[in-house]
Amino acid sequence: MSADCLFCQIADGRLPARKVYEDDRVLAFHDINPIAPVHILLIPKKHIASLLEIAPEDKELVGHIHMCAQKAAQVAGVEQDGFRVVTNIGKNGQQTVFHLHYHLIGGRQLRWDM
Ligand code: 5GP
Ligand code: ZN
């Protein structure tokens, strides 16, 4: 946990979020500024700054996030038509929140530039 991290605060309930799915290790919630009809963020409750900081002991957790993405897609009703899962890293990746998160985007036809 990082005291001043926005997504740590959402993960431990200090800040509100519209939850889609939650278990002991992962939280999925609606993005506050959606770029598509479905725009969900999946985060580990453990503070990891980005994909670059994933450690060997996090491998099972990262796999579990992918299983949670399946569940979130089902809850959101996008699994039939398809969707996108992406994580931004650093400056050129336009990462703005430095707590690992995966965007699950769908509900419309996506282009590669979104
Ligand atoms: P990034 O740009 O780091 O890949 O994505 C950060 C995402 O977090 C953005 O899509 C932004 O809209 C979302 N976001 C930022 N602050 C909040 C917040 O307080 N609540 C929620 N639900 N999403 C947020
Ligand atoms: Zn954090």
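The values are calculated or read from the model by the stated rules, or taken from the named source; none is laboratory data. As the structure is a prediction and not an experimental result, all values here were calculated from the model. Methodologically, a virtual Cβ is constructed for each residue, glycine included, from the backbone with ideal geometry; neighbour enumeration extends over all protein chains shown.
The selection criterion, being among the acidic types (Asp, Glu), within 16 Å of ligand 2 (Cβ to nearest atom) and either part of a loop (DSSP other than H, G, I, E, B) or surrounded by 14 or more Cβ atoms within 10 Å (Cβ to Cβ) (or both), holds for ASP4. For the stretch 10-26, residues that are near ligand 1 (Cβ under 7 Å from one of its atoms), surrounded by 12 or more Cβ atoms within 10 Å (Cβ to Cβ) and in a loop (DSSP other than H, G, I, E, B) total 1. Touching a His at 6+ places or on another chain (Cβ under 6 Å) and modelled with pLDDT of 95 or more, is that true of ILE43? Considered against the rule, which asks whether it is touching a His at 6+ places or on another chain (Cβ under 6 Å) and modelled with pLDDT of 95 or more, ILE43 comes out as yes.
Taking first residues from the stretch 99-114 that are in a loop (DSSP other than H, G, I, E, B) and partners that are of a type in the set (Ser, Thr, Tyr) and at pLDDT 95 or above, the Cβ contacts under 6 Å between residues at least 6 apart in sequence or on separate chains come to LEU100/SER50. Check whether at least one residue in the stretch 54-70 is within 11 Å of ligand 1 (Cβ to nearest atom) and in contact with a strand residue (DSSP E or B) (Cβ under 8 Å, 6 or more places away or on another chain), and report yes or no. Checking the stretch 54-70: not a single residue is within 11 Å of ligand 1 (Cβ to nearest atom) and in contact with a strand residue (DSSP E or B) (Cβ under 8 Å, 6 or more places away or on another chain).
Considering the stretch 27-76 alone, what residues qualify as being crowded, with 19+ Cβ neighbours inside 10 Å and either without any contact (Cβ under 8 Å) to a residue 12 or more places away in the chain or assigned to a helix (DSSP H, G or I) (or both)? Listed by number, the residues that qualify are ILE65, CYS68, ALA69, ALA72, ALA73, ALA76.
Can VAL86 be described as surrounded by fewer than 16 Cβ atoms within 10 Å (Cβ to Cβ) and closer than 17 Å to LYS19 by Cβ? Answer is no for this residue.
Restricting attention to the stretch 33-47 and to residues that are of a type in the set (Val, Ile, Thr) and over 12 Å from the mean Cα position of the chain (by Cα), the residue that is farthest from ligand 1 (Cβ to nearest atom) turns out to be VAL38.
Residue pairs whose Cβ atoms lie under 9 Å apart, separated by 6 or more positions or on different chains, with the first residue in the stretch 6-18 and closer than 15 Å to ALA28 by Cβ and the second basic (Lys, Arg), are ALA11/LYS45; ALA11/LYS46.
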